[in-house]
Amino acid sequence: MSLLLGWLSLPNDWKTSLAIEAFSGLVGFIIFVVPGSVGVQEASTVLIFTALGLSASDGMSVGIAFRLNEIVSTGIGLALLGLLQRRALPRLE
């Protein structure tokens, strides 16, 4: 989190990073019924940023960066799973 805040030229002290991560996890735990937490993660990040006195647009940028991180890591995981399954299956000839 601190690295991402630094890249966006936002205050990146450990207290801010810890508060954003803690409240994001709390909101994610409370609103677990939304499939894929589509929109909830971004909205909660915007809410947390405005509560901490940061701009809402910066909150949306961080929320979108989190979502892109999830998409990329899920894609890599699925690609690796496909490769491993191909290796594990015996070939029938």
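Values in this text are rule-based calculations from the coordinates and carry no lab data. Just so it is clear, the structure is predicted and the values come from calculations on it, not from any experiment. We place every Cβ from the backbone using ideal geometry, glycine too, and count neighbours over all the protein chains shown.
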Here the net charge surrounding Q41, from other residues whose Cβ is less than 10 Å away from its Cβ (Lys, Arg +1; Asp, Glu -1), is -1
Go ahead and estimate [θ] at 222 nm for the chain from helices alone: -39,500 (n - 2.57) per DSSP H run with n ≥ 4, summed, over the residue count, rounded to 500.
-24500 deg cm²/dmol
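Treating only the Cβ atoms of Lys and Arg (+1) and Asp and Glu (-1) as charged, compute the dipole magnitude of the chain about its Cα centre; round to the nearest 20 debye.
With Lys and Arg at +1 and Asp and Glu at -1, about 360 debye.
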Here are labelled values, (1) 14.1, 49; (2) 17.7, 65; (3) 13.1, 35, and one is the computed Rg and Dmax of the Cα atoms in Å for what I pasted. Which one?
(2)
With a 10 Å radius around each residue's Cβ, average the other Cβ atoms per peptide and rank 10-21, 74-85, 36-47, highest first.
36-47, 10-21, 74-85
Once you put a point 7 Å from the Cα of L47 and another 7 Å from the Cα of F66, both along the Cβ direction, what distance in nm separates them?
1.1
Could you tell me which of G75, S37, A65 has its Cα farthest along the dipole of the chain towards the positive end, charges placed at Cβ (Lys, Arg +1; Asp, Glu -1), taken about the Cα centre?
G75
With the crude spin-label approximation of a point 7 Å out along Cα→Cβ, what separation in nm comes out for A56 versus F32?
3.0
Distance (nanometres) between label positions extended 7 Å along Cα→Cβ at L84 and W7
2.6
Step through the residues of the stretch 7-18 one at a time and calculate ³J(HN,Hα) from phi using the Karplus curve (6.51 cos²θ - 1.76 cosθ + 1.60, θ = phi - 60°), rounding each to whole Hz and writing x for Gly and Pro.
5, 8, 6, 10, x, 10, 6, 5, 5, 5, 4, 5
